[in-house]
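Here's the structure, in structure tokens; my notes come after.
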Amino acid sequence: MGSVTIQPAVRQETGKIAAGVGVLSVLTAAVYLILGRFNYTVLLGLLLGMAFAIGNFFLMALTVQHAAEKMNGVEVPAEPETEDGEEPPQQELSPQAKQAKKRMQLSYMGRMAMLVVMAVVAIKLPCFDAVPALIVQLFPRITVFIEGLMMKKEQNAQ
């Protein structure tokens, strides 16, 4: 198996997610501190959650990168528009598109299994506070949402 070259876009987007997850994790720690509930288990739960949230995003981005590289210029047909409630007609995918879709599905299942393992570890081991470990899993989505709002605001300002 050859070496994997990580595209700059994957590095950049993972960096943005890591920064967002980090900021939101610090805010979460601050809330625990204000409530008088902060202790080492909260910190360990946050660190565990951060590692898995950022790792999950990175693996997803790497899978998308690899699938795109394997497509090698093959275009995926656009989704046909349908009337409300109607099923769209199924279009035949190219072999490359089928392989890319299968790779994405396997990656998703593997990453979800990884997150289930993290959740079980966080719940079962007393050194982790499971709540922050699980809450952190929402932070990549929140980061993407906030980034989208900021981009929209920039576009409206121009």
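When peptides 49-56, 124-131 are ranked by their average number of other Cβ atoms within 10 Å per residue, the highest-first order is 49-56, 124-131.
All distinct Cα pairs of the chain go into the 1/r average, and the inverse of that average, the Kirkwood radius, is 18.3 Å.
Residue-wise HN-Hα couplings along the stretch 54-62, as the Karplus relation 6.51 cos²θ - 1.76 cosθ + 1.60 with θ = phi - 60° gives them from phi, are 5, x, 4, 4, 4, 5, 5, 4, 5 Hz; Gly and Pro carry x.
Panel order for 25, 3, by other beta carbons found within 10 Å of each beta carbon, from fewest to most: 3, 25. Between the Cα long axis of helix 95-124 and the first principal axis of the chain there is an angle of about 10°, rounded to the nearest 10. Neighbour counts of C-beta atoms inside 10 Å place 40, 108, 32 in the sequence 40, 108, 32, starting with the fewest.
Readers should treat all values here as calculations from the given coordinates under stated rules, not as data from a laboratory. Everything numeric in this text was worked out from a predicted model, so none of it was measured. Quick reminder, even Gly has a Cβ in these numbers, built from the backbone with ideal geometry, and neighbours come from all protein chains shown.
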